[in-house]
Amino acid sequence: MLGVGGWLWSLHARAWDLGGRSPVLSYDAAQYAVAARELSEHGRLATTFALPIELLSHPQPPWPLSAVQPGLVVAEAAVDRVTPRALALAGRRISLARTSEREWLSLALPLGSYLGLALLLVFATAAVLGRYASAIGTGRRLAAGPVVALAFLLDPEAQHFAAGGLTELPFTLGVVAALLLIARGTAARRAFLFGLLLGVTGTFRANMLWLAPCFAIGGAALAPRGSRASVLLAVLAGYALPLAPWWIYKWRHFGSPGADLSRLMIWEGVEGRTWFTMLHLPALPTFPAGPHAWLLLADKLWRNLGTVLLAVATGPRALWIGALIAWLLTRPPRPLAVAGVLTLVQLGLGTLAAALTIPWLRYVFPGRVPMEAAGLLATWALIERIPEQPLGASTRRLLSAGVAGLALAWGAWQCGLGLQEARAASVDRGLPSVATLADLGRRLDGALARDEPVMSNLGPTLAYHARRPVLHLALGPDDVEACRSRLALTHVLLVFRGPDRAWSEWRAAMEPEAERRHPEWNVARARRWRSPDGFDMVWLELGAPRPQLAGRGD
(Lines give C-alpha, C1' and ligand atoms only; values in the text may rest on other atoms or scores of the structure.)
Protein backbone atom coordinates (compact mmCIF):
# COMPACT_ATOMS: atom_id res chain seq x y z
CA MET A 1 0.00 0.00 0.00
CA LEU A 2 2.87 2.37 0.76
CA GLY A 3 4.39 1.63 -2.62
CA VAL A 4 1.13 2.30 -4.44
CA GLY A 5 0.62 5.54 -2.52
CA GLY A 6 4.17 6.71 -3.25
CA TRP A 7 3.72 5.93 -6.95
CA LEU A 8 0.41 7.81 -7.17
CA TRP A 9 1.94 10.75 -5.31
CA SER A 10 4.88 10.85 -7.71
CA LEU A 11 2.51 10.88 -10.69
CA HIS A 12 0.72 13.90 -9.26
CA ALA A 13 3.99 15.67 -8.41
CA ARG A 14 5.32 15.12 -11.94
CA ALA A 15 2.06 16.36 -13.44
CA TRP A 16 2.57 19.62 -11.55
CA ASP A 17 6.32 19.60 -12.28
CA LEU A 18 6.94 20.34 -8.61
CA GLY A 19 10.21 22.07 -7.94
CA GLY A 20 10.48 23.21 -11.55
CA ARG A 21 7.66 24.90 -13.40
CA SER A 22 5.61 24.81 -10.17
CA PRO A 23 7.11 25.77 -6.80
CA VAL A 24 6.45 23.23 -4.08
CA LEU A 25 4.91 25.98 -1.97
CA SER A 26 1.58 27.44 -3.04
CA TYR A 27 0.21 30.63 -1.48
CA ASP A 28 -1.27 28.83 1.55
CA ALA A 29 1.62 26.39 1.96
CA ALA A 30 4.18 29.21 1.82
CA GLN A 31 2.53 30.94 4.77
CA TYR A 32 3.21 27.88 6.91
CA ALA A 33 6.74 27.42 5.55
CA VAL A 34 7.70 31.05 6.25
CA ALA A 35 6.42 30.83 9.83
CA ALA A 36 8.10 27.44 10.33
CA ARG A 37 11.44 28.84 9.20
CA GLU A 38 11.12 31.72 11.65
CA LEU A 39 10.46 29.24 14.46
CA SER A 40 13.30 26.95 13.39
CA GLU A 41 15.93 29.64 12.86
CA HIS A 42 14.94 32.29 15.42
CA GLY A 43 12.84 30.40 17.95
CA ARG A 44 9.84 32.70 17.63
CA LEU A 45 6.26 32.04 16.59
CA ALA A 46 6.09 34.76 13.96
CA THR A 47 6.22 35.33 10.22
CA THR A 48 7.85 37.64 7.68
CA PHE A 49 4.68 37.85 5.58
CA ALA A 50 1.66 40.02 6.30
CA LEU A 51 -1.53 41.26 4.70
CA PRO A 52 -2.23 45.01 4.64
CA ILE A 53 -5.02 44.65 7.22
CA GLU A 54 -2.49 43.28 9.72
CA LEU A 55 -0.59 46.58 9.76
CA LEU A 56 -3.35 48.03 11.92
CA SER A 57 -2.28 46.12 15.03
CA HIS A 58 1.29 45.06 14.18
CA PRO A 59 2.99 47.38 11.68
CA GLN A 60 6.55 46.02 11.89
CA PRO A 61 7.97 42.61 10.94
CA PRO A 62 8.19 39.93 12.11
CA TRP A 63 4.44 39.75 12.44
CA PRO A 64 2.46 37.45 14.79
CA LEU A 65 0.53 34.58 13.23
CA SER A 66 -3.00 35.67 12.38
CA ALA A 67 -4.14 33.32 9.60
CA VAL A 68 -2.40 29.97 10.16
CA GLN A 69 -2.72 27.27 12.82
CA PRO A 70 0.31 26.22 14.88
CA GLY A 71 0.36 22.46 14.30
CA LEU A 72 1.91 22.44 10.83
CA VAL A 73 4.19 25.36 11.71
CA VAL A 74 5.69 23.45 14.66
CA ALA A 75 5.92 20.20 12.66
CA GLU A 76 7.70 21.85 9.72
CA ALA A 77 10.06 23.69 12.07
CA ALA A 78 10.95 20.39 13.75
CA VAL A 79 11.65 18.74 10.40
CA ASP A 80 13.81 21.69 9.37
CA ARG A 81 15.80 21.53 12.62
CA VAL A 82 16.59 17.82 12.37
CA THR A 83 17.34 17.77 8.63
CA PRO A 84 20.98 18.54 7.82
CA ARG A 85 22.08 20.73 4.96
CA ALA A 86 23.31 17.70 3.04
CA LEU A 87 22.51 13.98 3.04
CA ALA A 88 24.56 10.99 1.99
CA LEU A 89 22.36 8.55 0.08
CA ALA A 90 23.62 5.51 -1.84
CA GLY A 91 27.14 6.91 -1.86
CA ARG A 92 25.99 10.28 -3.23
CA ARG A 93 25.97 13.57 -1.39
CA ILE A 94 22.59 15.29 -1.79
CA SER A 95 22.46 19.03 -1.05
CA LEU A 96 19.61 20.47 1.00
CA ALA A 97 21.15 23.86 1.59
CA ARG A 98 19.39 26.10 -0.92
CA THR A 99 15.95 27.55 -0.24
CA SER A 100 14.48 25.85 -3.31
CA GLU A 101 15.75 22.51 -2.01
CA ARG A 102 14.56 22.87 1.55
CA GLU A 103 11.03 23.76 0.49
CA TRP A 104 10.59 20.03 -0.18
CA LEU A 105 10.81 19.46 3.58
CA SER A 106 7.40 21.08 3.91
CA LEU A 107 5.92 17.96 2.31
CA ALA A 108 7.18 15.58 5.02
CA LEU A 109 4.08 15.68 7.22
CA PRO A 110 1.42 15.93 4.44
CA LEU A 111 2.99 13.04 2.51
CA GLY A 112 3.42 11.03 5.69
CA SER A 113 -0.21 11.71 6.59
CA TYR A 114 -1.34 10.65 3.10
CA LEU A 115 0.42 7.31 3.42
CA GLY A 116 -0.46 7.02 7.10
CA LEU A 117 -4.14 7.51 6.36
CA ALA A 118 -4.03 4.66 3.88
CA LEU A 119 -2.46 2.36 6.46
CA LEU A 120 -4.92 3.53 9.12
CA LEU A 121 -7.86 2.78 6.81
CA VAL A 122 -6.53 -0.74 6.24
CA PHE A 123 -6.15 -1.29 9.98
CA ALA A 124 -9.48 0.36 10.87
CA THR A 125 -11.37 -1.73 8.32
CA ALA A 126 -9.78 -4.95 9.54
CA ALA A 127 -10.40 -4.02 13.19
CA VAL A 128 -14.06 -3.12 12.68
CA LEU A 129 -14.84 -6.15 10.52
CA GLY A 130 -12.91 -8.48 12.80
CA ARG A 131 -14.83 -7.28 15.85
CA TYR A 132 -18.31 -6.78 14.45
CA ALA A 133 -18.44 -8.96 11.31
CA SER A 134 -16.46 -12.05 12.21
CA ALA A 135 -18.90 -14.21 10.19
CA ILE A 136 -17.45 -12.80 7.00
CA GLY A 137 -14.69 -14.93 5.55
CA THR A 138 -11.10 -14.06 6.39
CA GLY A 139 -10.24 -13.46 2.75
CA ARG A 140 -13.01 -10.92 2.28
CA ARG A 141 -12.08 -9.14 5.51
CA LEU A 142 -8.44 -8.93 4.44
CA ALA A 143 -9.40 -7.64 0.98
CA ALA A 144 -11.78 -4.96 2.28
CA GLY A 145 -9.08 -2.84 3.93
CA PRO A 146 -6.89 -2.44 0.83
CA VAL A 147 -9.97 -1.57 -1.25
CA VAL A 148 -10.97 1.22 1.16
CA ALA A 149 -7.37 2.49 1.34
CA LEU A 150 -6.81 2.36 -2.42
CA ALA A 151 -10.04 4.27 -3.04
CA PHE A 152 -8.60 6.98 -0.80
CA LEU A 153 -5.14 6.93 -2.40
CA LEU A 154 -6.70 7.40 -5.85
CA ASP A 155 -8.47 10.57 -4.71
CA PRO A 156 -6.82 13.43 -6.68
CA GLU A 157 -7.62 15.92 -3.94
CA ALA A 158 -5.78 13.76 -1.41
CA GLN A 159 -2.82 13.54 -3.80
CA HIS A 160 -2.88 17.31 -4.23
CA PHE A 161 -2.83 17.94 -0.49
CA ALA A 162 0.03 15.44 -0.14
CA ALA A 163 2.00 17.37 -2.78
CA GLY A 164 1.63 20.69 -0.93
CA GLY A 165 2.44 21.82 2.61
CA LEU A 166 -1.20 22.05 3.71
CA THR A 167 -3.08 21.01 6.85
CA GLU A 168 -5.97 18.96 5.44
CA LEU A 169 -4.25 15.56 5.56
CA PRO A 170 -2.79 15.77 9.10
CA PHE A 171 -6.17 16.99 10.36
CA THR A 172 -8.05 14.22 8.55
CA LEU A 173 -5.62 11.63 9.91
CA GLY A 174 -6.46 12.76 13.44
CA VAL A 175 -10.19 12.73 12.73
CA VAL A 176 -10.14 9.19 11.31
CA ALA A 177 -8.08 8.01 14.30
CA ALA A 178 -10.65 9.59 16.65
CA LEU A 179 -13.53 7.89 14.82
CA LEU A 180 -11.73 4.55 15.09
CA LEU A 181 -11.34 5.01 18.85
CA ILE A 182 -15.07 5.71 19.06
CA ALA A 183 -15.89 2.63 16.94
CA ARG A 184 -13.74 0.41 19.15
CA GLY A 185 -15.18 1.86 22.36
CA THR A 186 -11.74 3.07 23.48
CA ALA A 187 -12.71 6.74 23.63
CA ALA A 188 -14.74 6.31 26.82
CA ARG A 189 -12.11 4.17 28.55
CA ARG A 190 -9.25 6.56 27.71
CA ALA A 191 -11.17 9.81 27.76
CA PHE A 192 -8.31 12.18 28.56
CA LEU A 193 -5.99 10.61 25.96
CA PHE A 194 -8.84 10.74 23.47
CA GLY A 195 -9.19 14.44 24.22
CA LEU A 196 -5.44 14.93 23.73
CA LEU A 197 -5.77 13.40 20.26
CA LEU A 198 -8.55 15.87 19.48
CA GLY A 199 -6.44 18.74 20.80
CA VAL A 200 -3.37 17.84 18.76
CA THR A 201 -5.60 17.43 15.70
CA GLY A 202 -7.13 20.83 16.46
CA THR A 203 -3.72 22.50 16.19
CA PHE A 204 -3.90 21.91 12.43
CA ARG A 205 -7.34 23.33 11.66
CA ALA A 206 -9.79 25.44 13.63
CA ASN A 207 -12.64 23.14 12.53
CA MET A 208 -12.01 21.03 15.63
CA LEU A 209 -13.36 23.89 17.75
CA TRP A 210 -16.94 22.88 16.91
CA LEU A 211 -16.18 19.18 16.34
CA ALA A 212 -14.56 18.55 19.73
CA PRO A 213 -17.82 18.93 21.70
CA CYS A 214 -19.50 16.48 19.30
CA PHE A 215 -16.72 13.94 19.78
CA ALA A 216 -16.81 14.50 23.54
CA ILE A 217 -20.55 13.80 23.60
CA GLY A 218 -19.96 10.72 21.46
CA GLY A 219 -17.31 9.42 23.86
CA ALA A 220 -19.56 10.09 26.84
CA ALA A 221 -22.42 8.20 25.17
CA LEU A 222 -20.29 5.05 25.27
CA ALA A 223 -19.54 5.34 28.99
CA PRO A 224 -21.65 3.83 31.80
CA ARG A 225 -24.54 6.09 32.72
CA GLY A 226 -23.03 7.28 36.01
CA SER A 227 -19.68 8.32 34.54
CA ARG A 228 -20.76 10.11 31.36
CA ALA A 229 -20.31 13.61 32.78
CA SER A 230 -16.78 12.84 33.95
CA VAL A 231 -15.89 11.34 30.56
CA LEU A 232 -17.23 14.42 28.80
CA LEU A 233 -15.17 16.74 31.00
CA ALA A 234 -12.04 14.59 30.65
CA VAL A 235 -12.28 14.67 26.85
CA LEU A 236 -12.73 18.44 26.80
CA ALA A 237 -9.85 18.91 29.27
CA GLY A 238 -7.58 16.78 27.10
CA TYR A 239 -8.66 18.75 24.05
CA ALA A 240 -7.91 22.10 25.69
CA LEU A 241 -4.45 21.18 27.00
CA PRO A 242 -2.48 21.22 23.69
CA LEU A 243 -4.36 24.30 22.48
CA ALA A 244 -4.08 26.42 25.64
CA PRO A 245 -0.65 27.91 24.72
CA TRP A 246 -2.02 28.86 21.30
CA TRP A 247 -5.10 30.50 22.78
CA ILE A 248 -2.88 32.47 25.18
CA TYR A 249 -0.67 33.52 22.26
CA LYS A 250 -3.68 34.78 20.32
CA TRP A 251 -5.01 36.59 23.38
CA ARG A 252 -1.69 38.35 23.99
CA HIS A 253 -1.18 39.46 20.38
CA PHE A 254 -4.73 40.05 19.18
CA GLY A 255 -6.81 40.49 22.32
CA SER A 256 -8.91 37.36 21.83
CA PRO A 257 -8.11 33.62 22.00
CA GLY A 258 -10.32 33.06 18.96
CA ALA A 259 -8.84 35.79 16.73
CA ASP A 260 -8.34 34.50 13.18
CA LEU A 261 -8.40 36.37 9.88
CA SER A 262 -9.86 33.34 8.12
CA ARG A 263 -13.14 34.01 9.94
CA LEU A 264 -13.72 36.95 7.62
CA MET A 265 -14.41 34.45 4.85
CA ILE A 266 -18.05 34.24 5.96
CA TRP A 267 -18.48 37.71 4.45
CA GLU A 268 -16.99 36.71 1.09
CA GLY A 269 -19.56 37.51 -1.59
CA VAL A 270 -21.89 39.35 0.81
CA GLU A 271 -22.92 42.81 -0.46
CA GLY A 272 -20.04 42.82 -2.93
CA ARG A 273 -17.30 42.06 -0.40
CA THR A 274 -14.41 39.88 -1.50
CA TRP A 275 -11.40 38.35 0.20
CA PHE A 276 -9.25 40.98 -1.51
CA THR A 277 -11.31 44.01 -0.54
CA MET A 278 -11.43 42.90 3.09
CA LEU A 279 -7.77 41.98 3.63
CA HIS A 280 -5.77 44.12 1.21
CA LEU A 281 -6.44 47.47 2.84
CA PRO A 282 -4.85 48.72 6.09
CA ALA A 283 -8.32 49.27 7.55
CA LEU A 284 -10.92 47.30 9.42
CA PRO A 285 -13.76 46.32 7.10
CA THR A 286 -17.28 47.20 8.18
CA PHE A 287 -19.91 44.49 8.39
CA PRO A 288 -23.67 44.45 8.83
CA ALA A 289 -25.02 43.79 12.30
CA GLY A 290 -28.17 42.51 13.94
CA PRO A 291 -31.03 40.81 12.08
CA HIS A 292 -29.90 42.27 8.76
CA ALA A 293 -26.55 40.45 9.07
CA TRP A 294 -28.26 37.15 9.89
CA LEU A 295 -30.53 37.52 6.87
CA LEU A 296 -27.56 38.18 4.59
CA LEU A 297 -25.66 35.15 5.90
CA ALA A 298 -28.76 32.97 5.62
CA ASP A 299 -29.15 34.07 2.01
CA LYS A 300 -25.49 33.24 1.29
CA LEU A 301 -25.88 29.84 2.95
CA TRP A 302 -28.96 29.08 0.87
CA ARG A 303 -27.29 30.19 -2.38
CA ASN A 304 -24.15 28.11 -1.80
CA LEU A 305 -25.59 25.05 -0.10
CA GLY A 306 -26.86 23.46 -3.30
CA THR A 307 -23.46 23.84 -4.97
CA VAL A 308 -21.64 22.19 -2.08
CA LEU A 309 -24.20 19.40 -1.66
CA LEU A 310 -24.01 18.60 -5.37
CA ALA A 311 -20.23 18.35 -5.17
CA VAL A 312 -20.39 16.20 -2.03
CA ALA A 313 -22.92 13.80 -3.59
CA THR A 314 -21.22 13.49 -6.99
CA GLY A 315 -20.59 9.98 -8.29
CA PRO A 316 -20.97 7.08 -5.84
CA ARG A 317 -20.76 9.42 -2.85
CA ALA A 318 -24.56 9.71 -2.85
CA LEU A 319 -24.68 5.91 -2.55
CA TRP A 320 -22.21 5.94 0.34
CA ILE A 321 -24.18 8.60 2.22
CA GLY A 322 -27.49 6.86 1.64
CA ALA A 323 -26.04 3.49 2.66
CA LEU A 324 -24.57 4.95 5.85
CA ILE A 325 -27.91 6.48 6.84
CA ALA A 326 -29.80 3.27 6.00
CA TRP A 327 -27.29 1.16 7.94
CA LEU A 328 -27.68 3.39 11.01
CA LEU A 329 -31.42 2.67 10.90
CA THR A 330 -30.69 -1.06 11.33
CA ARG A 331 -29.63 -0.39 14.97
CA PRO A 332 -25.96 -1.43 14.77
CA PRO A 333 -23.81 -1.86 17.93
CA ARG A 334 -23.62 1.35 19.93
CA PRO A 335 -19.91 2.17 19.28
CA LEU A 336 -20.39 1.75 15.54
CA ALA A 337 -23.63 3.74 15.62
CA VAL A 338 -21.97 6.62 17.47
CA ALA A 339 -19.04 6.60 15.03
CA GLY A 340 -21.46 6.59 12.10
CA VAL A 341 -23.48 9.48 13.49
CA LEU A 342 -20.31 11.49 14.17
CA THR A 343 -19.17 10.84 10.59
CA LEU A 344 -22.42 12.30 9.26
CA VAL A 345 -22.34 15.19 11.74
CA GLN A 346 -18.82 16.10 10.69
CA LEU A 347 -19.76 15.92 7.02
CA GLY A 348 -22.81 18.09 7.66
CA LEU A 349 -20.89 20.71 9.64
CA GLY A 350 -18.15 20.78 7.01
CA THR A 351 -20.74 21.26 4.28
CA LEU A 352 -22.37 24.15 6.16
CA ALA A 353 -18.98 25.74 6.83
CA ALA A 354 -18.06 25.57 3.14
CA ALA A 355 -21.40 27.07 2.14
CA LEU A 356 -20.90 29.90 4.65
CA THR A 357 -17.36 30.68 3.48
CA ILE A 358 -16.28 29.61 -0.02
CA PRO A 359 -18.28 26.78 -1.64
CA TRP A 360 -15.33 24.61 -2.59
CA LEU A 361 -15.26 20.85 -2.08
CA ARG A 362 -11.75 21.10 -0.57
CA TYR A 363 -13.22 22.55 2.61
CA VAL A 364 -15.31 19.39 3.09
CA PHE A 365 -12.31 17.07 2.64
CA PRO A 366 -11.85 16.14 6.35
CA GLY A 367 -15.52 15.12 6.49
CA ARG A 368 -15.67 13.55 3.05
CA VAL A 369 -12.81 11.05 3.52
CA PRO A 370 -14.22 9.27 6.61
CA MET A 371 -17.71 9.40 5.09
CA GLU A 372 -16.57 7.62 1.94
CA ALA A 373 -14.78 4.92 3.95
CA ALA A 374 -17.72 4.46 6.33
CA GLY A 375 -20.22 4.56 3.46
CA LEU A 376 -18.37 1.84 1.60
CA LEU A 377 -18.36 -0.37 4.70
CA ALA A 378 -22.04 0.40 5.29
CA THR A 379 -22.90 -0.62 1.73
CA TRP A 380 -21.17 -3.97 2.23
CA ALA A 381 -22.96 -4.40 5.57
CA LEU A 382 -26.35 -3.81 3.97
CA ILE A 383 -25.58 -6.35 1.25
CA GLU A 384 -24.78 -8.92 3.93
CA ARG A 385 -28.17 -8.26 5.54
CA ILE A 386 -30.07 -9.27 2.41
CA PRO A 387 -31.83 -12.58 3.19
CA GLU A 388 -30.58 -15.81 1.64
CA GLN A 389 -33.79 -16.37 -0.30
CA PRO A 390 -33.52 -13.48 -2.80
CA LEU A 391 -29.72 -13.61 -3.00
CA GLY A 392 -27.48 -16.56 -2.36
CA ALA A 393 -24.06 -16.27 -0.74
CA SER A 394 -22.27 -16.28 -4.08
CA THR A 395 -24.51 -13.53 -5.43
CA ARG A 396 -23.88 -11.39 -2.36
CA ARG A 397 -20.15 -11.84 -2.77
CA LEU A 398 -20.45 -10.85 -6.42
CA LEU A 399 -22.47 -7.78 -5.49
CA SER A 400 -19.92 -6.79 -2.83
CA ALA A 401 -17.17 -7.18 -5.41
CA GLY A 402 -19.15 -4.93 -7.75
CA VAL A 403 -19.36 -2.25 -5.06
CA ALA A 404 -15.60 -2.49 -4.55
CA GLY A 405 -15.10 -2.23 -8.31
CA LEU A 406 -17.32 0.85 -8.41
CA ALA A 407 -15.28 2.56 -5.70
CA LEU A 408 -11.97 1.77 -7.40
CA ALA A 409 -13.23 2.63 -10.90
CA TRP A 410 -14.53 5.99 -9.68
CA GLY A 411 -11.22 6.63 -7.93
CA ALA A 412 -9.19 5.70 -11.01
CA TRP A 413 -11.32 7.92 -13.25
CA GLN A 414 -11.06 10.84 -10.83
CA CYS A 415 -7.32 10.27 -10.52
CA GLY A 416 -6.93 10.46 -14.30
CA LEU A 417 -8.92 13.68 -14.46
CA GLY A 418 -6.85 15.11 -11.63
CA LEU A 419 -3.61 14.40 -13.44
CA GLN A 420 -4.91 16.07 -16.61
CA GLU A 421 -6.03 19.13 -14.67
CA ALA A 422 -2.69 19.32 -12.85
CA ARG A 423 -0.74 19.29 -16.12
CA ALA A 424 -2.92 22.03 -17.59
CA ALA A 425 -2.87 24.17 -14.45
CA SER A 426 0.90 23.90 -14.03
CA VAL A 427 1.41 25.51 -17.43
CA ASP A 428 -0.95 28.41 -16.71
CA ARG A 429 -0.71 28.92 -12.95
CA GLY A 430 -0.16 32.35 -11.44
CA LEU A 431 3.10 31.51 -9.66
CA PRO A 432 6.39 31.74 -11.55
CA SER A 433 8.87 28.89 -11.64
CA VAL A 434 11.44 28.17 -8.95
CA ALA A 435 14.17 29.57 -11.21
CA THR A 436 12.30 32.85 -11.62
CA LEU A 437 11.70 33.12 -7.88
CA ALA A 438 15.40 32.53 -7.21
CA ASP A 439 16.29 35.22 -9.76
CA LEU A 440 13.91 37.67 -8.06
CA GLY A 441 15.56 36.94 -4.73
CA ARG A 442 19.00 37.70 -6.17
CA ARG A 443 17.81 40.95 -7.76
CA LEU A 444 16.26 42.11 -4.49
CA ASP A 445 19.40 41.21 -2.53
CA GLY A 446 21.49 43.20 -4.98
CA ALA A 447 19.45 46.38 -4.58
CA LEU A 448 17.94 46.31 -1.07
CA ALA A 449 19.14 45.88 2.47
CA ARG A 450 18.77 42.33 3.80
CA ASP A 451 15.73 42.99 6.04
CA GLU A 452 14.09 45.69 3.93
CA PRO A 453 10.45 44.78 3.24
CA VAL A 454 8.86 44.79 -0.19
CA MET A 455 5.26 44.75 -1.33
CA SER A 456 4.30 42.10 -3.88
CA ASN A 457 1.39 40.07 -5.17
CA LEU A 458 3.60 36.97 -4.74
CA GLY A 459 3.12 37.38 -1.01
CA PRO A 460 4.36 34.49 1.15
CA THR A 461 5.93 32.65 -1.79
CA LEU A 462 8.30 35.57 -2.37
CA ALA A 463 8.87 35.90 1.40
CA TYR A 464 10.03 32.30 1.49
CA HIS A 465 12.27 32.30 -1.60
CA ALA A 466 13.68 35.82 -1.16
CA ARG A 467 14.09 35.37 2.63
CA ARG A 468 12.89 38.88 3.41
CA PRO A 469 9.75 40.56 4.82
CA VAL A 470 6.96 40.82 2.26
CA LEU A 471 3.72 42.75 2.57
CA HIS A 472 1.02 41.48 0.26
CA LEU A 473 0.00 43.82 -2.53
CA ALA A 474 -2.46 46.54 -1.54
CA LEU A 475 -5.86 46.54 -3.19
CA GLY A 476 -4.82 49.22 -5.68
CA PRO A 477 -2.00 51.72 -6.34
CA ASP A 478 -3.94 54.43 -4.50
CA ASP A 479 -3.82 52.33 -1.30
CA VAL A 480 -0.05 51.92 -1.16
CA GLU A 481 0.60 55.20 0.66
CA ALA A 482 -1.79 54.18 3.44
CA CYS A 483 0.33 51.07 3.97
CA ARG A 484 3.50 53.15 3.91
CA SER A 485 2.16 55.31 6.72
CA ARG A 486 2.52 52.24 8.96
CA LEU A 487 5.43 50.34 7.40
CA ALA A 488 8.63 51.79 5.92
CA LEU A 489 8.27 50.58 2.35
CA THR A 490 9.90 51.77 -0.87
CA HIS A 491 9.65 48.92 -3.38
CA VAL A 492 6.63 47.27 -5.01
CA LEU A 493 7.12 44.17 -7.15
CA LEU A 494 4.34 43.13 -9.54
CA VAL A 495 4.54 39.67 -11.10
CA PHE A 496 1.68 38.61 -13.36
CA ARG A 497 1.31 36.38 -16.39
CA GLY A 498 0.49 39.38 -18.58
CA PRO A 499 -1.44 42.63 -17.89
CA ASP A 500 -4.76 40.89 -18.50
CA ARG A 501 -4.04 38.52 -15.59
CA ALA A 502 -3.21 41.31 -13.14
CA TRP A 503 -5.64 42.42 -10.46
CA SER A 504 -8.13 44.83 -11.98
CA GLU A 505 -6.87 47.89 -10.08
CA TRP A 506 -3.24 47.10 -10.93
CA ARG A 507 -3.60 46.47 -14.67
CA ALA A 508 -2.78 50.05 -15.54
CA ALA A 509 0.52 49.76 -13.63
CA MET A 510 1.60 46.85 -15.86
CA GLU A 511 1.51 49.05 -18.97
CA PRO A 512 4.72 50.75 -20.23
CA GLU A 513 5.30 54.26 -18.86
CA ALA A 514 2.17 53.98 -16.68
CA GLU A 515 3.89 55.83 -13.81
CA ARG A 516 4.26 58.93 -16.01
CA ARG A 517 0.51 59.05 -16.59
CA HIS A 518 -0.19 58.57 -12.87
CA PRO A 519 2.01 60.93 -10.84
CA GLU A 520 -0.29 60.36 -7.87
CA TRP A 521 1.26 56.90 -7.48
CA ASN A 522 4.48 58.58 -6.33
CA VAL A 523 6.76 56.33 -8.41
CA ALA A 524 10.36 57.54 -8.62
CA ARG A 525 11.60 54.74 -10.87
CA ALA A 526 10.12 51.76 -12.70
CA ARG A 527 11.79 48.71 -14.19
CA ARG A 528 10.06 46.23 -16.47
CA TRP A 529 11.16 42.91 -17.91
CA ARG A 530 9.78 39.52 -18.85
CA SER A 531 10.91 36.27 -17.25
CA PRO A 532 11.85 33.19 -19.31
CA ASP A 533 8.71 31.40 -18.07
CA GLY A 534 6.39 34.11 -19.40
CA PHE A 535 5.74 36.46 -16.49
CA ASP A 536 5.70 40.25 -16.78
CA MET A 537 7.75 41.90 -14.00
CA VAL A 538 7.21 45.48 -12.88
CA TRP A 539 9.47 46.81 -10.12
CA LEU A 540 8.27 50.17 -8.81
CA GLU A 541 10.58 52.26 -6.61
CA LEU A 542 8.51 54.80 -4.72
CA GLY A 543 9.38 58.33 -3.74
CA ALA A 544 9.40 59.70 -0.21
CA PRO A 545 6.09 59.07 1.61
CA ARG A 546 3.52 61.80 1.23
CA PRO A 547 1.34 63.23 3.99
CA GLN A 548 -1.80 61.12 4.41
CA LEU A 549 -5.26 62.55 3.80
CA ALA A 550 -8.54 60.90 4.65
CA GLY A 551 -9.26 58.12 2.16
CA ARG A 552 -10.97 54.83 1.81
CA GLY A 553 -8.72 53.25 4.43
CA ASP A 554 -10.02 55.62 7.13
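See the values below:
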| quantity | calculated |
| --- | --- |
| Selection count, segment 1-27, where residues are farther than 17 Å from residue 102 by Cα and either touching a residue at least 24 places away in the same chain (Cβ under 8 Å) or surrounded by 15 or more Cβ atoms within 10 Å (Cβ to Cβ) (or both) | 12 |
| Any hit, segment 397-409, residues being outside the structural domain of residue 531 (by TED's automatic domain parsing), over 25 Å from the mean Cα position of the chain (by Cα) and polar (S, T, N, Q) | yes |
| Test for residue 337: is it within 29 Å of residue 223 (Cβ to Cβ) and either at pLDDT below 90 or in contact with a helix residue (DSSP H, G or I) (Cβ under 7 Å, 6 or more places away or on another chain) (or both) | yes |
| Every residue from segment 205-238 that is closer than 16 Å to residue 334 by Cβ, of a type outside the set (A, V, I, L, M, F, W, C) and assigned to a helix (DSSP H, G or I) | 218, 219, 225, 227, 228 |
| Test: residue in segment 166-176 that is among the aromatic types (Phe, Trp, Tyr), at pLDDT 95 or above and in a helix (DSSP H, G or I) | yes |
| Qualifying residues in segment 414-454 (those that are over 21 Å from residue 534 (Cα atoms) and among the hydrophobic types (A, V, I, L, M, F, W, C)) - the one surrounded by the most Cβ atoms within 10 Å (Cβ to Cβ) | 454 |
| Selection count, segment 346-366, where residues are over 21 Å from residue 148 (Cα atoms), part of a helix (DSSP H, G or I) and touching a residue at least 60 places away in the same chain (Cβ under 8 Å) | 4 |
| Test: residue in segment 352-367 that is among the small types (Gly, Ala, Ser) and more than 22 Å from residue 166 (Cβ to Cβ) | no |
| Filter result for the condition that a residue is acidic (Asp, Glu), surrounded by 15 or more Cβ atoms within 10 Å (Cβ to Cβ) and within 21 Å of residue 157 (Cα to Cα), over 384, 372 | 372 |
| Flag if residue 515 is at pLDDT below 90 and assigned to a helix (DSSP H, G or I) | yes |
| Residue satisfying condition, being of a type outside the set (Asp, Glu) and in a helix (DSSP H, G or I), within set 33, 97 | 33 |
| Residue that is among the small types (Gly, Ala, Ser), under 18 Å from residue 364 (Cβ atoms) and surrounded by 24 or more Cβ atoms within 10 Å (Cβ to Cβ), where the choices are 183, 216, 206, 178 | 178 |
| Candidates 456, 485, 433, filtered to the one that is touching a strand residue (DSSP E or B) at 6+ places or on another chain (Cβ under 7 Å) and in contact (Cβ under 8 Å) with a residue 12 or more places away in the chain | 456 |
| Among (1) at pLDDT 95 or above; (2) surrounded by fewer than 22 Cβ atoms within 10 Å (Cβ to Cβ), the one test that residue 138 misses | (1) |
| Of the criteria (1) surrounded by 14 or more Cβ atoms within 10 Å (Cβ to Cβ); (2) without any contact (Cβ under 8 Å) to a residue 60 or more places away in the chain; (3) of a type in the set (Ser, Thr, Tyr), which one residue 531 fails | (2) |
| Any hit, segment 367-379, residues being aliphatic (A, V, I, L, M), in a helix (DSSP H, G or I) and under 18 Å from the mean Cα position of the chain (by Cα) | yes |
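The values are calculated or read from the model by the stated rules, or taken from the named source; none is laboratory data. Since the model is a prediction, treat every value here as computed from it, not as a measurement. Glycine gets a Cβ as well: all are built from the backbone with ideal geometry, and neighbour counts include every protein chain shown.
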